[in-house]
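Structure, as structure tokens:
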Amino acid sequence: MPRQPRFSKDDIVSAGLRIVRSSGIEAVSARALGKELGTSSSPMFTMFKDMNEMMDAICAAAEKTFMARMEDVTDYFPAFKEFGLRLVAFAKEDPNVFQMLFLGKDSHPEIAESIARQCLGSVGQGYGITDEQAELMFRQMWPVACGIAALCVKHPEDFPEETVSKTLSYHFSGIISIIKSGREVEDIKPQVK
């Protein structure tokens, strides 16, 4: 009878996520996983056909972690502000996982984007704007929230929660005022001398 594997796929994925958290995605290798689990690298390949499959599983576990953080975000008003605060907190608390999910070469920003769109979907009802105006609001607020979160990966101390909260509120209030007024934002023009 063949020997039962000492580690499950979940054990290996959890070890991979710990490595990402402590040292970044670049540090994940079969050897590093073996070391984390106190074994050689060979058990990794009895559970996964190759490193790509293993990395996909680690990324999927990271996505689950992020989704759990965002689970009830639409229960707040304004939901997008709560989303922004949680996105920034995630970047501060788990910068290497944030970087892997949203800033790396194989990142998946659509995960966060779909949640942000749900949050801004409630804006139309709460502020009396059309779906088209809510989409415009999304296109303006999405880079602000992501930009602050990305800056927090390296310098979290520069953005305390109160600053993030006010920044999101100022941007949101300014954009909603412009949208509701029907005015157009001026374009950049060269100065006449």
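For this structure, a couple of remarks:
- Any hit, the stretch 137-156, residues being outside any helix (DSSP H, G or I) and at pLDDT 85 or above: yes
- Breaking point among (1) open to solvent by 50 Å² or more (accessible area, probe 1.4 Å); (2) more than 21 Å from D75 (Cα to Cα), for I179: (1)
- Looking across the stretch 64-80 at every residue that is part of a loop (DSSP other than H, G, I, E, B) and open to solvent by 80 Å² or more (accessible area, probe 1.4 Å), the one that is farthest from M137 (Cα to Cα) is identified as E71.
- Qualifying positions in the stretch 15-56 - farther than 15 Å from L101 by Cα, in contact (Cβ under 8 Å) with a residue 12 or more places away in the chain and charged (D, E, K, R): E36
- Residue match in the stretch 97-105 (condition: modelled with pLDDT under 85, closer than 22 Å to I25 by Cα, open to solvent by 20 Å² or more (accessible area, probe 1.4 Å) and out of contact with any Lys or Arg (no Cβ under 7 Å at 6 or more places or on another chain)): yes
- Any chance L17 is under 17 Å from D106 (Cα atoms), in a helix (DSSP H, G or I) and at pLDDT 90 or above: yes
- Breaking point among (1) over 23 Å from the mean Cα position of the chain (by Cα); (2) modelled with pLDDT of 90 or more, for S23: (1)
- Only listed residue being part of a helix (DSSP H, G or I), within 15 Å of the chain's Cα centre (by Cα) and either on the phi < 0 side of the Ramachandran plot or of a type in the set (K, R) (or both), chosen from E113, E132: E113
- Residue within the stretch 50-58 that is more than 28 Å from W142 (Cα to Cα), aliphatic (A, V, I, L, M) and surrounded by fewer than 19 Cβ atoms within 10 Å (Cβ to Cβ) present: yes
- Among (1) more than 17 Å from the chain's Cα centre (by Cα); (2) assigned to a helix (DSSP H, G or I), the one test that V97 misses: (1)
The values are calculated or read from the model by the stated rules, or taken from the named source; none is laboratory data. Just so we're clear, the structure is a prediction, and the values are computed from it rather than from any experiment. FYI the Cβ positions are ideal-geometry reconstructions off the backbone, even for glycines, and counts take in every protein chain you see. These accessible areas exclude ligands, DNA and RNA; they are computed on the full protein's heavy atoms, side chains included. Shrake-Rupley method; radii C 1.70, N 1.55, O 1.52, S 1.80 Å.
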